[in-house]
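The structure appears right after this line, and notes come after that.
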Ligand code: HEC
């Protein structure tokens, strides 16, 4: 009995700690979504099967072949530069750093030099699957 009394507070602390971690992650994702929406949603949709806008739908991007959305007409420069490439986090980070350095002549012109912001946008896109 004495043993149990000593241990209970520790278990309680652990439970509280885990609860807070869950909330922190949810907050992070919400902020990431806000940032991605404000920077990208003028041209892109993020929902599954969403229509293309000025750019292709981005649902399930990671693991997808570049320039492979069949309902979107990619620019010739982009198709040529991205032939055979598959989207992963590293490529997405390079793309968001400077699209023209990855695919010169691409119709998307964007350069985000804040690694924290790039990370947030990638976190959001990663969550879409
Ligand atoms: C002003 C419009 C515009 C904005 C804003 C924009 N994009 Fe794009 N995006 C495009 C266009 C157009 C293409 C197609 C590029 C081409 O064909 O040259 C594209 C292509 C892409 C691709 C390649 C997808 C594929 O199927 O290969 C990714 C990834 C992407 N954009 C991510 C983003 C993200 C993330 C943001 C926000 C940080 C963003 N874009 C903001 C217009 C935009």
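What follows is calculated from the coordinates using simple rules that are stated; it is not laboratory data. As the structure is a computational prediction, the values presented were derived from the model and not from experiment. When we count neighbours, we look across all protein chains shown, and the Cβ atoms used for this are built from the backbone with ideal geometry, even at glycine.
For the reader, a short list of remarks on this structure follows.
- Counting 0.36 nm for each residue step from residue 43 to residue 107 and taking away their Cα separation leaves a gain of 21.9 nm.
- A viscosity of 0.890 mPa s and a temperature of 25 °C, combined with the Kirkwood radius over Cα pairs in Stokes-Einstein, give a translational diffusion coefficient for segment 27-126 of 179 µm²/s.
- Fewest-first sequence of 97, 73 by Cβ atoms within 10 Å of each Cβ: 73, 97
- At R0 = 22 Å, FRET efficiency that the Cβ-Cβ distance of residue 126 and residue 23 yields, to 0.05: 0.65
- Length available on full extension from residue 64 to residue 98: 0.36 nm per residue minus the Cα-Cα distance, which gives 10.2 nm.
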